[in-house]
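Participant: What follows is a structure written as structure tokens; I'll ask about it next.
Computed from the coordinates by the stated procedures, all read-outs in this text should not be read as laboratory data. The structure presented is a predicted model; accordingly, all values stated were derived computationally and were not measured. All Cβ positions, glycine included, derive from the backbone under ideal geometry; neighbour counts span all protein chains shown.
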Amino acid sequence: MSKPISDNELIQLAALSDKPSWARAPTYLRLSGPGWLQGAMTLGGGSAITSLTIGAVYGYELLWVQPLAMLIGCIMLFALSHQTLSTGASPFAAMRDHLHPSLAWLWAIAALASSIIWGFSHYPLSAGMLEEVIAVSTGFSLQQKEGASREAFLFFLAVLVWMLCAYTAWHYGAGGRAVKIFETAIKYLSAMIVVAFLWVVINASASGQVNWSAVAAGYIPSSLPSDAAGVTTVMAALGTAVGINMTFVYGYTLLDRGWGREHRVLSRWDIVMGLVIPYILVTGLISIAAAGAFYGSDMSIQGKLSPAQAGAMFAEAGMGPVTGRLIFALGILGMAIGSLVMHMLCCGAAAGAMFNWEPHTRNYRLALLLPTPAVLGVFLWSSMGAYVILPTSAICGFLLPIAYLGWLFLNNNRAYLGDDCPSGGKRLLFNAAMLLCIVTVLASVSYSTAVAMDWI
């Protein structure tokens, strides 16, 4: 059930239509919401680990990858918001009724699959970070042990994380003090690691360890990795910036908020302020900090950077080894748990759309638990290298063209959009941008496949 929009809000939006951008900003920031939810979803463990890998392994060379991935996702979300707010129809229903039911189902199944797939890396990541917190706080550790005892311990920690996520997702949208406390804690944990990385960058810059001209050059695409690990990292960036499960959830958050055609301009501001700017800022800080701390070192970093090693960059910035390890572990843990909750909610939204299940009904809530088998990821990746998240993020990147092609067709479907269908130069420009995004994603998928198969 969508929230009713007050007449006062509609009056405010109408009054802003003729004002310059700077005059709209305060009101738009106050009324925004769905974009920030997307930001909380994408700034999870996948984005953090991908950013660390980009900086630690490739220095400043691949700083352009994540902003490009976000730009692609942003253009597509603009198309989705325009379509959804112009018609008031759910994205799944629109794709089913105006394109083909099989395409809509394929999109929903892909969103479900990606949410489950990501869990297989996020649960080991969460368990590993929780293990690190326990080790630093209490001295109890099985990190140096191999075999059944450590795997059982990690599985126990993963189950604890799952219980917290399941409780939150089960009660999400229904209110409750516990859920509010959870949301606040996740925000503070995520903000903590962002501030910590900002401090690392400032400290490194003051000591001359950051080459800002190289940083600027790194945001200009100039090369592509030719090795499998590098290609996987690029695909992970594409998969974690705006994942296909995010594309599914976004339209439903717009409708749940009660937004309509009067909110179309606001929705674009909302995406830029709540998603694009925070994502580019946070991922950039993490990559620059990791580049200064680890790039060019003789450590074997790819897939093996431990929480203790990552925490060392905070220690060098004056935070101390214990504090640094705790900040890193708690921050990544908070970001990962936030993503896991959103993955569950995506499963509920996708299943609800396919089978017409209302939120908070029994079937809908059972659908929230579809990612549960992902806790077994601790047995599949028992070494607990944080970067096990990279291959799963790359797999999810392969699923993006499904949604992107659907929105391109819908954006040109006059039977669906009517007078809101773009026309003239605007239509040409937007179609060109969407086609460029689709070609870029398909090219990256093809290139990564060729590298993985040793064709090039």
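Participant: Using Cβ counts within 10 Å as a stand-in for footprinting exposure, how do Leu29, Leu125, Leu340, Leu13 rank, fewest first?
Facilitator: Going from least to most buried by this count: Leu29, Leu13, Leu340, Leu125.
Participant: For a footprinting-style exposure proxy, rank Cys421, Cys74, Cys165, Cys437 by other Cβ within 10 Å, fewest first.
Facilitator: Cys421, Cys74, Cys437, Cys165
Participant: To the nearest µm²/s, what D does Stokes-Einstein give for the chain at 20 °C and 1.002 mPa s, using the Kirkwood radius over alpha carbon pairs as Rh?
Facilitator: Stokes-Einstein gives a translational diffusion coefficient of 95 µm²/s.
Participant: Can you sort Ile286, Ile134 by how many other beta carbons sit within 10 Å, fewest first? Numbers along the way, then the final one.
Facilitator: Values: Ile286 28, Ile134 17.
Neighbour counts put them in this order, fewest first: Ile134, Ile286.
Participant: Okay, moving on. Compute the relative contact order of the chain as a whole-number percentage, counting only Cα pairs closer than 8 Å that sit 6 or more residues apart in sequence.
Facilitator: 37
Participant: Run lengths n ≥ 4 of DSSP H only: what is the helix-derived mean residue ellipticity at 222 nm for the chain, with -39500 (n - 2.57) per run over all residues, to the nearest 500? It would help to have the intermediate numbers written out before the result.
Facilitator: Working: 22 runs with 335 residues, N = 456.
The helix contribution divided over the chain gives -24000 deg cm²/dmol.
Participant: Between the range 30-48 and the range 251-288, what's the alpha-carbon centroid distance in Å?
Facilitator: So the separation of the two Cα centres works out to 7 Å.
Participant: For the chain, return all DSSP H helices satisfying: extent of Cα atoms along own axis at least 24 Å; mean Kyte-Doolittle hydropathy at least 1.0.
Facilitator: Helices meeting the span and hydropathy rule in the chain are 65-87, 101-138, 148-171, 177-206, 277-294, 321-355, 424-452.
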